[in-house]
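First the structure, in the form of structure tokens, and then the observations on it.
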């Protein structure tokens, strides 16, 4: 079983700031997915990364997959209040990390 | 376009009672799964199914049963509810990506 560690667990920032959250494992993934979950709803897919070193951009969100495919990061530029939510990573073994709870204050 | 529908949205049970959480999808996905989400622990996989008639255990299967008689439906059964099963339960359909329902909030008293 591939265990996923997400950091930080909680993050509170002001609107307009940049941030990075991480998803790490001691095992190699064949793929990794990032989801965002808002209160009272199920997680919604943001991106899937499959290739070591891959970088994907989704508007202000930049996702990186480590060269060794053991880690991934999500960087948000100029955070907005609408980015508030729980950010989860999911490995190809269908195991989630515990998530990073992001709060963006106006 | 319903996607994944979970019922009920909320439920309160007494210890020892049984109940079934319903999950239906209209996307013709073979893969379906059930997760529970507890504070600070993310989502943990309970059971999953790769197609009708096929189910398998996830990380935390004890106390739960599933069946998959059709592609569309994947019910989760609690045989004898315990307070430790108080949680939010999510059903998902598909695996790349997974599409989630809005969850069932279950409280066991």
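Taking only the C-alpha atoms of the range A:1-65, Rg followed by Dmax gives 13.0, 38 Å. The mean number of Cβ atoms from other chains found within 10 Å of a Cβ in peptide B:99-105 is 3, as a whole number. Remark on chain B: Rg and Dmax equal 12.8, 37 Å (Cα only). Taking 0.36 nm per residue of sequence separation and removing the Cα-Cα distance, the residue B:96/residue B:65 pair yields an extension gain of 8.7 nm. For chain A, what is the relative contact order in percent, using Cα pairs closer than 8 Å and at least 6 residues apart in sequence? Here the relative contact order equals 38 percent. Rounded to 0.05, the FRET efficiency of the residue A:18 and residue B:10 pair, given R0 = 30 Å and the Cβ-Cβ distance, is 0.20. For the range B:8-90, calculate the relative contact order in percent as a whole number, restricting contacts to Cα pairs under 8 Å that are 6 or more residues apart. In percent, rounded to a whole number, it is 36. Per-residue Cβ neighbour counts within 10 Å put B:46, A:13, B:108 in the sequence A:13, B:108, B:46, beginning with the fewest. Taking max minus min of the alpha-carbon positions on each principal axis, the protein assembly as shown gives extents of 48, 36, 35 Å, largest first. Taking only the Cα atoms of the range B:4-62, the radius of gyration and Dmax are 13.0, 36 Å. Using R0 = 30 Å, the C-beta based FRET efficiency linking residue B:57 and residue A:77 works out to 0.15. As a length-normalised measure over Cα pairs under 8 Å and 6 or more apart, the relative contact order of the range A:6-55 settles at 27 percent.
Taking a point 7 Å from the Cα of residue A:55 along the Cα-to-Cβ direction, the residues of the range A:64-99 with backbone N closer than 11 Å to it are A:64-65.
Treating r as the C-beta distance of residue A:26 and residue A:62 and R0 as 22 Å, the FRET efficiency rounds to 0.35. Figure legend: label point modelled 7 angstrom from the Cα of residue B:109 along Cα→Cβ; residues of the range B:1-37 with amide N under 14 Å from it are B:11-17. Considering only A:31, A:73, A:12, give the residue with the highest GNM mean-square fluctuation for chain A, with springs between Cα atoms whenever their separation is below 10 Å. For chain A, modelled as a Gaussian network with Cα springs under 10 Å, the answer is A:12.
Taken together, the values in this text are just the output of simple stated rules run on the coordinates, not laboratory data. Note that the structure is predicted; figures quoted are calculated from it, not measured. Cβ coordinates were reconstructed from backbone atoms using ideal geometry, including for glycine residues, and neighbour counts include every protein chain displayed.
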